[in-house]
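Trainee: Handing you a structure now.
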Ligand code: T5A
């Protein structure tokens with residue numbers, strides 16, 4: 001009998017700025033390390049100098065870019081990160097958890113660029129499909145309070161204001177509507193509660209994922 005090939009699960013963390021992605025990813029990483037789960041916490045900023053350069057440029061100068069340039073640059077960064085970092089980990093059997101993926105571009109750039117879907121279709125063969133997408137949901141007023149509370153200046157995208165972020169949220173919710181891979185987490189709850197729910201959901205998902213992979 002040929003040995004089954006186990007691949008890693010691809011888990012994506014999504015949400016508005018200030019939704020708690022960074023905090024939960026950090027906790028999830030610690031949890032996986034303590035439970036000896038093979039995992040890689042992926043970050044376009046930390047994993048690749050090319051992605052870091054693109055993302056820094058976009059976050060600092062995005063208002064000066066044409067909307068199509070902005071959209072394509074986010075996809076270019078993502079293709080680079082997927083091909084060089086994410087795909088090899090998944091194929092080697094390691095679970096990958098990433099902070100934002102293509103839903104972010106569809107939701108954020110989709111507010112201003114009606115052709116974002118066309119760019120997505122061009123990029124899709126070079127990307128990996130997430131197995132699970134956790135959407136940390138916060139309304140516009142919570143976004144505003146948390147992002148201002150950080151006390152740092154706002155980057156070019158964060159400065160687009162609350163109506164922009166309300167449209168981004170609506171885009172995310174629309175993406176989640178007919179896609180069973182999405183789990184919507186109420187991220188207005190205390191961080192401890194959000195984290196407990198995150199672990200419970202990811203654990204339950206991984207148990208089924210492993211059974212499915214072994215059975216196939
Ligand atoms: N962007 C990115 C695009 O437009 N298109 C794209 O394709 C991509 C990839 C940078 C920007 O780039 C845009 C989107 C963004 O505007 P980023 O670098 O991923 O994106 O950074 P942000 O999402 O902006 O990261 P943030 O740090 O702002 O948000 P997080 O990570 O969601 O939130 P976190 O964990 O840092 O928490 C923020 C604050 O809120 C508190 C935390 O303690 C912290 O102070 N907090 C809570 N407080 C109370 N209760 C809770 N449940 C809390 N959760 C968090």
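The values are calculated or read from the model by the stated rules, or taken from the named source; none is laboratory data. From a predicted model like this one, the values you see are computed outputs, not experimental measurements. In this analysis, Cβ positions are derived from the backbone assuming ideal geometry, glycine residues included, and neighbour counts consider all displayed protein chains.
Trainee: Can you tell which of 77, 43 is near the ligand (Cβ under 10 Å from one of its atoms) and touching a strand residue (DSSP E or B) at 6+ places or on another chain (Cβ under 8 Å)?
Mentor: Going through 77, 43 in turn, just one is near the ligand (Cβ under 10 Å from one of its atoms) and touching a strand residue (DSSP E or B) at 6+ places or on another chain (Cβ under 8 Å): 43.
Trainee: Determine, yes or no, whether residue 180 is modelled with pLDDT of 95 or more and within 11 Å of the ligand (Cβ to nearest atom).
Mentor: Criteria not met by residue 180.
Trainee: Could you run through the stretch 178-204 and say how many residues are in a helix (DSSP H, G or I) and under 17 Å from the mean Cα position of the chain (by Cα)?
Mentor: So the count comes out to 6.
Trainee: Also: Has the stretch 186-200 got at least one residue that is over 20 Å from residue 108 (Cβ atoms) and more than 14 Å from the ligand (Cβ to nearest atom)?
Mentor: Yes; the residues of the stretch 186-200 include at least one that is over 20 Å from residue 108 (Cβ atoms) and more than 14 Å from the ligand (Cβ to nearest atom).
Trainee: Does residue 104 satisfy the condition of being within 13 Å of the ligand (Cβ to nearest atom), in a helix (DSSP H, G or I), within 13 Å of the chain's Cα centre (by Cα) and in contact (Cβ under 8 Å) with a residue 12 or more places away in the chain?
Mentor: yes
Trainee: Return the total of residues in the stretch 14-72 being without any contact (Cβ under 8 Å) to a residue 24 or more places away in the chain, outside any helix (DSSP H, G or I) and over 20 Å from residue 102 (Cα atoms).
Mentor: Selection size over the stretch 14-72: 2.
Trainee: Restricting attention to the stretch 126-172, which residues are in a loop (DSSP other than H, G, I, E, B), near the ligand (Cβ under 10 Å from one of its atoms) and out of contact with any strand residue (DSSP E or B) (no Cβ under 9 Å at 6 or more places or on another chain)?
Mentor: Hits for the stretch 126-172 are 150, 151, 152, 154, 155, 156, 157.
Trainee: So in the stretch 87-101, with the set limited to residues that are crowded, with 23+ Cβ neighbours inside 10 Å and under 12 Å from residue 47 (Cβ atoms), which one is nearest to the ligand (Cβ to nearest atom)?
Mentor: Out of the qualifying residues, it is 98.
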